[in-house]
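Single-structure report; data block below.
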Amino acid sequence: IDAGSALLAAHLPASLAGVVADLGCGWGYLSAEILARCPGVTRIDAVDADSRAVALARQNLTDPRVSVRWADATQPHGVAQWDAVVMNPPFHQGRAAVPDLGKGFIRAAAHGLKPGGKLLLVANRSLPYEADLEAEFKSWRSLLDQDGFKLLEATR
């Protein structure tokens with residue numbers, strides 16, 4: 001488990017409820033943590049573009065509330081369908097740093113969140129996502145800055 005995802009999981013609010021998206025779900029760690037920590041969650045849409053990760057997520061996430069989809073998490077996935085989005089977006093393709101990946105995740109989250117919906121995002125401290133949160137969301141705030149990571153919350 002990477003340190004950023006572990007930090008986000010440790011700070012998931014138990015009040016998280018309704019329909020939640022896990023964009024860039026990988027093998028399903030954050031979705032599993034949401035199920036364990038947030039009893040009010042009724043559905044999780046776990047999305048990843050890596051077919052190997054999706055296959056593992058399908059093996060790991062057998063709860064009927066979870067739908068695992070092989071899709072590009074930077075693209076819109078329907079309008080105003082999620083109550084919350086959690087994510088630890090990638091910022092590399094191979095060895096090359098590509099911060100625009102995370103920015104695409106932020107735009108997709110904003111597009112898919114219901115009005116008043118929340119985004120919980122963990123990222124390396126140096127990644128420049130605040131301007132994108134400012135542009136896409138009604139409000140945002142920093143929840144935590146720890147061990148080289150920042151935990152950000154935005155409201156649609």
Which pairs have Cβ atoms under 6 Å, sit 6 or more apart or on different chains, and link a residue in segment 55-81 that is on the phi > 0 side of the Ramachandran plot to one that is of a type in the set (D, E, K, R)? Ala80/Lys114
What's the number of the condition Phe105 fails, among (1) farther than 21 Å from Ser142 by Cα; (2) out of contact with any helix residue (DSSP H, G or I) (no Cβ under 8 Å at 6 or more places or on another chain)? (1)
Take Ile1 and tell me if it is surrounded by fewer than 19 Cβ atoms within 10 Å (Cβ to Cβ) and without any contact (Cβ under 8 Å) to a residue 60 or more places away in the chain. yes
Take Val47 and tell me if it is surrounded by 21 or more Cβ atoms within 10 Å (Cβ to Cβ) and touching a helix residue (DSSP H, G or I) at 6+ places or on another chain (Cβ under 7 Å). no
Kindly check whether there is at least one residue in segment 114-121 that is over 17 Å from Thr155 (Cβ atoms) and of a type in the set (A, V, I, L, M, F, W, C). no
Hey, Ala36 hits all of (1) in a helix (DSSP H, G or I); (2) closer than 23 Å to Arg156 by Cα; (3) not aromatic (Phe, Trp, Tyr) but one; which does it fall short on? (2)
Residue selected from segment 77-116 under the condition assigned to a loop (DSSP other than H, G, I, E, B) and crowded, with 23+ Cβ neighbours inside 10 Å, by the criterion modelled with the lowest pLDDT: Pro89
Looking at segment 127-147, I want the residues that are without any contact (Cβ under 8 Å) to a residue 40 or more places away in the chain and aromatic (Phe, Trp, Tyr) and have a partner that is buried (at least 17 other Cβ atoms within 10 Å of the Cβ) and in a helix (DSSP H, G or I) with Cβ atoms under 8 Å, at least 6 apart or on another chain. Which pairs are those? Tyr129/Gly102; Tyr129/Lys103; Tyr129/Ile106; Phe137/Ala110; Trp140/Leu133
Taking segment 118-156 only, how many residues are open to solvent by 20 Å² or more (accessible area, probe 1.4 Å) and assigned to a strand (DSSP E or B)? 13
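Yes or no, residue by residue, for (1) under 12 Å from the mean Cα position of the chain (by Cα); (2) at pLDDT 95 or above:
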position	(1), (2)
Cys38	no, yes
Ile44	yes, yes
Asn60	no, yes
Asp63	no, yes
Val66	no, yes
Val122	yes, yes
Arg125	no, no
Trp140	no, yes
Leu143	no, yes
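The values are calculated or read from the model by the stated rules, or taken from the named source; none is laboratory data. Every value quoted in this text rests on a predicted model; they were computed, and no experiment measured them. No Cβ is skipped: glycine too gets one built from the backbone with ideal geometry, and neighbour counts run over all protein chains shown. Please note that ligands, DNA and RNA were not included when accessible areas were found on the heavy atoms of the full protein model with its side chains. Shrake-Rupley method; radii C 1.70, N 1.55, O 1.52, S 1.80 Å.
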